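This report concerns only the one structure given below.
The values are calculated or read from the model by the stated rules, or taken from the named source; none is laboratory data. Fair warning: this is a prediction, and the values are worked out from it, not measured in the lab. Every residue, glycine among them, receives a Cβ derived from its backbone with ideal geometry; neighbour counts consider all protein chains shown. Accessible surface areas use protein heavy atoms only, side chains included; no ligands, DNA or RNA. Shrake-Rupley method; radii C 1.70, N 1.55, O 1.52, S 1.80 Å.
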Amino acid sequence: MVEETVLRPADFIAPLFVIDGQGAPEPVASMPGVSRLNISDLVKECRALHKLGVSAVALFPKLDAKLKDAEGTRALEEDGLILRAIRAVKKAVPSLVIMTDIALDPYTTHGHDGVLNAAGDEVENDRTVGILCRMAVLHARAGVDLVAPSDMMDGRVGAIRAALDEAGHQATGIMAYSAKFNSAYYGPFRDAVGSAQAAGTRLLSKATYQLDPANRRESLIEATLDVAEGADIVMVKPAGPYLDIIREVRDAVQTPLAAYQVSGEYAQIHAAAKLGWLDYARCRNESLLAIKRAGADLILTYFAKEMARELRK
Ligand code: PBG
């Protein structure tokens, strides 16, 4: 009678990894229950999620290492994997909302979200934004509902909005990864898309463009800027360790707010449960309830399917 927060299947957005070819699903070792899927398996998974009442899917491509280069050229390929995936899902399940990441990390050998300067020691903001705009237009043309810039370059939301409008895609929305922190909780995801480390070189640090985990006020600047630049939904990421940020952003902006319960948060619960140290289902449910209570309207989570199933029982 007095319960203030209730989870529902429509709160969830399921992140899904897609691979080329007709091969079997490829399990991601550090993310139990998560596999990379070929396009036809992806379509089946999307149908199942839609049936369960999940609102949306966020698609991430995993490219073969040999298709990557320093410039992330394949991000602008005319018939690239992600574009074929968007078209196939849109055709099979038209009323399921599709989002795609706008960032170069699945396409670059160094795993950064953008292209590097001549010295190779810093991501070039403005040149990257130009590439991201072209990428967003390609995704919009393929039928994506929302593009989700996850790169954290400055000024990219406004530039992408203008590029979409100019190309006739006024109806394509933007979900901005606004308060995306430079977090160690992305580790398992980087295994999943193969962006873990520059091919045999140094460890990947995104500290020059992702937010400092110490900074609360700066996250509010980022979120309000993104709204001013035209974001339709803003996001806080990771979610569980940043509940204070979720609450503050919720109070500061009027758009819907998404929170991304990232791969490391998911892996933690699985690992502890496997050791018999935590109750799996109760911790899963509590972690998601807490994110919603903090103020998230939408939650990207690898638990989306099983939670939706659970809630419908
Ligand atoms: C990259 C991107 C990342 C995630 C989503 N998009 C990782 C990163 O910034 O390196 C992380 C998601 C997760 O950990 O589940 N643009």
* To do: Go through (1) away from the ligand (no atom under 16 Å from the Cβ); (2) buried (at least 18 other Cβ atoms within 10 Å of the Cβ); (3) of a type outside the set (Lys, Arg) and name the single condition residue 2 misses.
  => (2)
* Report yes if residue 74 is open to solvent by 20 Å² or more (accessible area, probe 1.4 Å) and within 16 Å of the ligand (Cβ to nearest atom), otherwise no. => yes
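Report those strands (runs of 3 or more DSSP E) wholly inside segment 205-313 carrying at least 2 residues which are modelled with pLDDT of 95 or more and open to solvent by 60 Å² or more (accessible area, probe 1.4 Å). Write out each step before concluding.
Working: elements: 233-237, 257-261, 298-301.
So the answer is none; nothing clears 2.
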* Checking residue 169 against (1) open to solvent by 10 Å² or more (accessible area, probe 1.4 Å); (2) in contact with a Lys or Arg (Cβ under 9 Å, 6 or more places away or on another chain); (3) within 12 Å of the ligand (Cβ to nearest atom), which single condition isn't satisfied? -> (3)
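Out of all the residues in segment 144-154, is one or more open to solvent by less than 20 Å² (accessible area, probe 1.4 Å), on the phi > 0 side of the Ramachandran plot and touching a Lys or Arg at 6+ places or on another chain (Cβ under 6 Å)? Can you show your working first?
First, pick out the residues of segment 144-154 that are open to solvent by less than 20 Å² (accessible area, probe 1.4 Å): 144, 147-153.
Checking the rest, the ones that are also on the phi > 0 side of the Ramachandran plot come to 152.
Those left that are additionally touching a Lys or Arg at 6+ places or on another chain (Cβ under 6 Å): 152.
The answer is yes; a qualifying residue exists.
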* Considering residues of segment 104-113 that are more than 17 Å from residue 142 (Cβ to Cβ) and within 11 Å of the ligand (Cβ to nearest atom) only, the residue most open to solvent (accessible area, probe 1.4 Å) -> 112
* Which residue pairs have Cβ atoms under 6 Å apart, sit 6 or more places apart or on different chains, and have a first residue in segment 158-179 that is modelled with pLDDT under 95 and a second that is outside any helix (DSSP H, G or I) and surrounded by fewer than 24 Cβ atoms within 10 Å (Cβ to Cβ)? -> none
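Does residue 138 satisfy the criteria of being away from the ligand (no atom under 12 Å from the Cβ), in contact with a strand residue (DSSP E or B) (Cβ under 9 Å, 6 or more places away or on another chain), open to solvent by 10 Å² or more (accessible area, probe 1.4 Å) and closer than 24 Å to residue 80 by Cα?
no
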* Looking only at strands (runs of 3 or more DSSP E) that fall completely inside segment 1-90, which ones have 3 or more residues that are closer than 23 Å to residue 312 by Cβ? -> 12-19, 56-61
* Which one is nearest to the ligand (Cβ to nearest atom) among residues in segment 114-131 that are surrounded by 15 or more Cβ atoms within 10 Å (Cβ to Cβ) and polar (S, T, N, Q)? -> 128
* **Selection status of residue 185, within 13 Å of the ligand (Cβ to nearest atom), within 19 Å of residue 107 (Cβ to Cβ) and surrounded by 17 or more Cβ atoms within 10 Å (Cβ to Cβ)** => no
* **Selection within segment 77-103 - more than 16 Å from the ligand (Cβ to nearest atom) and of a type in the set (Val, Ile, Thr)** => 86, 89, 93, 97
* To do: Being within 16 Å of the ligand (Cβ to nearest atom) and over 20 Å from the mean Cα position of the chain (by Cα) narrows it down to one of 296, 228, 271, so name that one.
  => 271
* Determine whether residue 257 is under 19 Å from the mean Cα position of the chain (by Cα), within 23 Å of residue 180 (Cα to Cα) and within 16 Å of the ligand (Cβ to nearest atom). => no
* Asked: Any idea how many residues of segment 159-186 are under 30 Å from residue 244 (Cβ atoms) and of a type outside the set (A, V, I, L, M, F, W, C)?
  -> 9
